[in-house]
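A short worksheet on the structure shown next.
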């Protein structure tokens, strides 16, 4: 299976560099323009479109799908990471309001998370399961997955079976990458201990 991984277009919270997580804003004008431009870059050979349930991803997918008219398969496993009490805050605001959590670098801990949020290991497990399901359903297909920044990092790390640059690599809003042989994910055992550097 070939996977075209797309990060949704920009929202106002993205433009303001806020933790967005499970919050559900719509695309801003720039985000709609990014999605429209991206629709001209993607191949016509897409067989399946999987999308996060969050509005910004669904809006991006709808714009990308305007020619193909494929059914959108909403997959909860590909929603963005919930960063709990940090959601809606800029990094500076998070540091000011939650200095102890900030000192712990809590969003980069494998098995810990901000209060009411998800750990990296929890996100990896659910994204892995989503990829396994996609691979089993469409092993010979070209799949377009419209998701989020942290989801894209996770998908890339899982398919490459390498988490070494998880925090350094970033997919920008309205950008995409191609991942080959995603079906290998079915046989990939999730790390028991943190694989992060």
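The values are calculated or read from the model by the stated rules, or taken from the named source; none is laboratory data. Source: prediction; values computed, not measured. Because the Cβ atoms are built from the backbone with ideal geometry, glycine has one as well, and the counts that use them run over all protein chains shown.
Brief remarks on what is shown
- When the stretch 19-36 is filtered for residues that are over 18 Å from the mean Cα position of the chain (by Cα) and part of a loop (DSSP other than H, G, I, E, B), only 28 remains.
- Against the list (1) under 19 Å from residue 190 (Cα atoms); (2) outside any loop (DSSP other than H, G, I, E, B), the condition residue 110 fails is (2).
- Qualifying positions in the stretch 8-18 - out of contact with any strand residue (DSSP E or B) (no Cβ under 7 Å at 6 or more places or on another chain) and not in a helix (DSSP H, G or I): 9, 10, 11, 16, 17, 18
Okay, residues lined up against (1) in contact with a strand residue (DSSP E or B) (Cβ under 7 Å, 6 or more places away or on another chain); (2) buried (at least 22 other Cβ atoms within 10 Å of the Cβ); (3) closer than 19 Å to residue 4 by Cα:
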residue: 58; (1), (2), (3): yes, no, yes
residue: 71; (1), (2), (3): no, no, yes
residue: 74; (1), (2), (3): yes, no, yes
residue: 78; (1), (2), (3): yes, yes, yes
residue: 88; (1), (2), (3): no, no, no
residue: 93; (1), (2), (3): no, no, no
residue: 102; (1), (2), (3): no, no, no
residue: 133; (1), (2), (3): no, no, yes
residue: 164; (1), (2), (3): no, no, no
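- Candidate set from the stretch 167-180 (those that are closer than 22 Å to residue 107 by Cβ and surrounded by 20 or more Cβ atoms within 10 Å (Cβ to Cβ)); member that is farthest from the chain's Cα centre (by Cα): 173
- Just one of the listed residues (42, 101) is over 20 Å from residue 150 (Cα atoms) and either part of a helix (DSSP H, G or I) or at pLDDT below 95 (or both), namely 42.
- Those residues of the stretch 133-158 which are modelled with pLDDT of 95 or more, touching a helix residue (DSSP H, G or I) at 6+ places or on another chain (Cβ under 7 Å) and part of a helix (DSSP H, G or I), in sequence order: 150, 151, 154, 155, 158
- Test: residue 151 is under 18 Å from the mean Cα position of the chain (by Cα) and crowded, with 23+ Cβ neighbours inside 10 Å: yes
- Screening the stretch 65-92 for residues that are part of a helix (DSSP H, G or I) and more than 19 Å from residue 24 (Cβ to Cβ) and picking the one that is farthest from the chain's Cα centre (by Cα) gives 92.
- The single condition from (1) more than 16 Å from the chain's Cα centre (by Cα); (2) buried (at least 21 other Cβ atoms within 10 Å of the Cβ) that residue 62 fails is (2).
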